[in-house]
Structure formats: structure tokens, C-alpha cells
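Report on the following structure.
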Amino acid sequence: MTELKEIYEKVSSLISYEDFLAKVEERKEALGGLCDDEMCARLVLSDLGVSSTERESVVIGSIDENSGNITFNAKVLSVYEPREFNRADGTIGRVVSAMVGDATGKIRVSVWDSKVDAVENGEIKAGANVTVSGYTKRGLNGAEVHVGNNGAFALCAEEVDYEVPMRMVGDIKDGMNDITVLGKVLDLGQVKTFTKKDGGEGRVSNMTIGDSTGTIRVSMWDDKSRLAEELNIGESVKIQNAYSKLNNFSQKVEISLGNSGVVEVLDAAVEYEQKFISISEVADGMNGVNISGVILDISDVRAFSRKDGTEGTIGTFTIGDPTGKIRVSLWDDKTVYLDEFDFGESVDILNAYSRMNNFSQTVELNVGSRGNVVASNKEILYQEKLDKINDILPGRAYSVQGRVLEIGDLREFERDDGTQSSVSNIELEDDTGTIRVSLWGEHAGLVNDIQIGMTIRISDAFSKFGMNEEIELSAGNKTRIALL
């Protein structure tokens, strides 16, 4: 019996002594009594994935794809959903994957068939200490350990130390794996479906998180996409087992969460302070722009077709601060903000990007899938900056104030698409010169409300060459006109 107890010590973390003796008896009966107790005990060790010869337990940091059969203790970091599959012989197999770690690193473990029971019944879950006995092979991201029916994936009494290597958002680079990062949720997108290369349906959602070093976009794929509906803006989260890659369109590094990814809501808040700039500081080609302003005008939402045949929507508003004003375009699902805010309200534009409008030759802001618009608690003052008539050049938007010199007739006409519209003209004068202003659409009826000598202010009218190659202003749907 002393020999049996010495053999049992090698598997004491895997099985109780009573169960061990029972398995020895099962072995003896199966072999018809042809094997003595010691030999049957060594066969039970083999059944449990432990060599009957002396072998020291290894640490994860020493494991590579050529390590062969190994045994080690580790802490379970995350467990994925078990799944079933059909073998070539028609039988059903089971497999579950887990990430485990010790003080030297972490590694992926795939557990097969009967060894899955401990996960399915809840005995082994994240945070548990386990003994792993299996064989190594090359996986997608380096060495992996596989545990078959002769291996072991069982609770152990030893407390295993594992310190999660945290990364700051600003330190995340392209091509990283096994990323753990803390961040504050700044924006959440809708779940979208798409067709995969194999013809199946995929799902994805996005969120933006930030910490004291910056912001980053997080893409959540398939089952993880539902997190966009479960999380809330302003919550702090811990993201584990993510990987990073460069977005070829934005040229910015992003985080992706697949089946192995984990998102946990934290009780403690992650420090994040958004850095804002003034409107006058916005230049072409900027990303991650945070800016505050008061809404000066709001447009209707219109639909359009992209080059790939998909449908999109766009709407715009103009905001101003003490340094100037800027046009903001909101794309697709972000157009809902046009209904949430009104003229004169102050807003914060978050994570926008700037582009030059080739038609107006002015820089504009865009709020896309990563951007957000929220009510601002700042008190924002805006003073319209007026241009002198003598300084107006063709091809730009201007705001002028002047005295009415002439008033033309109101004319109606038919557009190319068959709809009716109207136009009228006035002559405007300031202390530097005079200019003709064409009033289109709803502005055309202004000629019925004004008189010669009255002072008016016209904001965001576009300049161009008109009759006799003279510069004139065109007041369209983005123009605002005030009688003073």
C-alpha cells in the first residue's frame, strides 16, 4: 500500500485517494487480475495524463510548440463557450478553449471530449487554479496545449499567481495579441450584419474607449457584437484577450474582440479627460477632434447611394465658438443627432475628423461611426464675424452686413428635375463697396419684406462670378438672413 500512496502523490491534485483506489480496482478487473496493484496504479497515472516516471512540473514561460507532453499549474483567465463537432466516423466530439496563466506568461489550452465536463458543469471557470497535463502543438498565435482523454484539466489546491499585463491605450500598436486594457466607454455603435467570404452572416459593432493616454476604436465581432447593446456610454470597462490591427481606411490602430475576447464592467472609473480645441485650430486632415460650439443652423437629412451600391444618409449643422464657425457633417446613424438638438444649443463634438471641402474650399468636420455629439455644459459665446464686401473672392462662403440699394423682382422657374422654385436679387452696400446677391428658394420671398435703405445680415452665402464677370453672392439653403 505504501507504493500506491507514493504513486498517488503524483496525481493528488487531480483526484482524491479514494477515487484513485477505485480506478486501480477497475483496472485490475478490466485486466482479469493479470496486473498487480502497482502496475495498475501506474496505468491509472497514464489515464490521467501523468507519466509514471519522475517529471517536474513546468512553467508556462518555458513552453514552446516542441515541448511535447507537459504538466503545469495555472490560473484560468477566461473560458470560451464549449462546442460540438462531427468526427469523420460520425461520432460527436466536444471541445472547449481556455486562456490560462502563471507568473511567467499565459497560454491557450484546448480541452477535448470528456475533459469538457468540468467546464460545462461550472466546476472550472475564470479565476480557478488548475493542473493541466497535455501535449503541445503550434497554434495560430504560437504554442498551444491540448488535453485529450488521457490528459488532465482539473482543479488544484495550489494558488497560482498571475499578474495581468495592462496596456495603456496610447501604447497599443499594430499586430499586438492578448491585449488587456482599461478604458472609459465614449461611444457605442449599432450592431451591423454583413456577408462573410464563406457566405455566412457576420455581425459587428463598435465602441470607442479612452484613458489618460488617448482613445481607440474597439470592433466587436459576431457574438461579442451584442455588447454594444449591453454597455453604456460613460462606463469603465476592462477588455481582455483582444488583438490590434491597422485600419487601412483611417490609418489608425484599432482593437478587435473575437470569440476569445472578454469585456468586464468595472466599479472604479478609468481616468479620461477629453482634450478640446477651438474652431480656429481645426485644420485639414485631423482625426480625433473634440470641439464645442453653439448650433447656428441645422439641415435636413438626405439619402444617397455609395459607389458600392449601398445606401447612406447625411445631414449637417453649423456650430460656432468665439474663434469662428464650422460646418459639421453627420453620416448614417449619426444623423439622429439632428433631431436631438436645436438652434442655439451648445454641443460637444467628440472624435470627429476634418476634411477640406473641395467645392467651398473650407475645412469641415465629419462625425462618422467613431464620432459622437452630446449636450455641452459649457457656456459658449459666438459672435458672427462679418466680411467686407471689398474682400470677397470667388469660390468661398462669406457673411456680410449692409444696406439694401436695389430690390429685384421675384421670379419662378422650373428646375431640371421638374420641380418649381423661385429666385430674386438685391444689391447690397457696406462701407467698402457693393455686391449683387441672388436669393434662391425660400429666401427669394424676402424681396416682399424689405425696403431700400434697410440693413440686413447675410450669413454663409457662396461667392461666384456672375453677369459681366463680376463677383456676386448666392444665398442658398445653408444661408441665414436676418433683418436688422
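The values are calculated or read from the model by the stated rules, or taken from the named source; none is laboratory data. Since the model is a prediction, treat every value here as computed from it, not as a measurement. Note that each Cβ is placed from the backbone with ideal geometry, even for glycine, and that neighbours are counted across all protein chains shown. These area figures cover heavy atoms from the full protein model, side chains too; ligands, DNA and RNA do not enter into them. Shrake-Rupley method; radii C 1.70, N 1.55, O 1.52, S 1.80 Å.
Structure data summary
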{"read-out": "Entirely in segment 276-326, the strands (runs of 3 or more DSSP E) that have 1 or more residues that are open to solvent by 40 Å² or more (accessible area, probe 1.4 Å) and among the charged types (D, E, K, R)", "value": "302-305, 311-321"}
{"read-out": "Residue under evaluation Val270, criteria (1) closer than 16 Å to Gly214 by Cα; (2) open to solvent by 30 Å² or more (accessible area, probe 1.4 Å); (3) in contact with a strand residue (DSSP E or B) (Cβ under 7 Å, 6 or more places away or on another chain); (4) not aromatic (Phe, Trp, Tyr), criterion not met", "value": "(2)"}
{"read-out": "Looking only at segment 205-229, and only at residues there that are β-branched (Val, Ile, Thr) and either in contact (Cβ under 8 Å) with a residue 60 or more places away in the chain or assigned to a strand (DSSP E or B) (or both), the one that is most open to solvent (accessible area, probe 1.4 Å)", "value": "Thr215"}
{"read-out": "Qualifying residue in segment 147-160 (condition: surrounded by fewer than 18 Cβ atoms within 10 Å (Cβ to Cβ), among the acidic types (Asp, Glu) and in contact with a strand residue (DSSP E or B) (Cβ under 8 Å, 6 or more places away or on another chain))", "value": "yes"}
{"read-out": "Near pairs, Cβ below 6 angstrom, 6+ apart or cross-chain, from segment 172-194 (over 21 Å from Ala98 (Cα atoms)) to any residue that is of a type in the set (Phe, Trp, Tyr)", "value": "Lys184/Tyr272"}
{"read-out": "Unique match (being touching a residue at least 40 places away in the same chain (Cβ under 8 Å) and either under 18 Å from Ile107 (Cα atoms) or small (Gly, Ala, Ser) (or both)) among Gly127, Gly202", "value": "Gly127"}
{"read-out": "Members of segment 82-94 found to be outside any strand (DSSP E or B) and surrounded by 10 or more Cβ atoms within 10 Å (Cβ to Cβ), listed by number", "value": "Pro82"}
{"read-out": "Close pairs from segment 139-151: first aliphatic (A, V, I, L, M), partner part of a loop (DSSP other than H, G, I, E, B) and surrounded by 15 or more Cβ atoms within 10 Å (Cβ to Cβ), Cβ under 6 Å, at least 6 apart", "value": "Ala143/Ile63"}
{"read-out": "Positions within segment 444-484 being on the phi > 0 side of the Ramachandran plot and open to solvent by 50 Å² or more (accessible area, probe 1.4 Å), in sequence order", "value": "Asn468, Glu469"}
{"read-out": "Tabulated pairs, segment 74-91, first under 16 Å from Asn259 (Cβ atoms) and touching a residue at least 60 places away in the same chain (Cβ under 8 Å), second of a type in the set (Asp, Glu) and open to solvent by less than 100 Å² (accessible area, probe 1.4 Å), C-beta under 9 angstrom, 6+ apart or interchain", "value": "Glu81/Asp223"}
{"read-out": "Condition check for Arg403: over 27 Å from Glu364 (Cβ atoms), at pLDDT 90 or above, in contact with a Gly (Cβ under 8 Å, 6 or more places away or on another chain) and open to solvent by 20 Å² or more (accessible area, probe 1.4 Å)", "value": "yes"}
{"read-out": "Subset of segment 252-267 (residues that are open to solvent by less than 50 Å² (accessible area, probe 1.4 Å) and acidic (Asp, Glu))", "value": "Glu254"}
{"read-out": "Condition broken by Ile426, with the remaining ones in (1) more than 24 Å from Asn357 (Cβ to Cβ); (2) among the β-branched types (Val, Ile, Thr); (3) surrounded by fewer than 19 Cβ atoms within 10 Å (Cβ to Cβ) satisfied", "value": "(3)"}
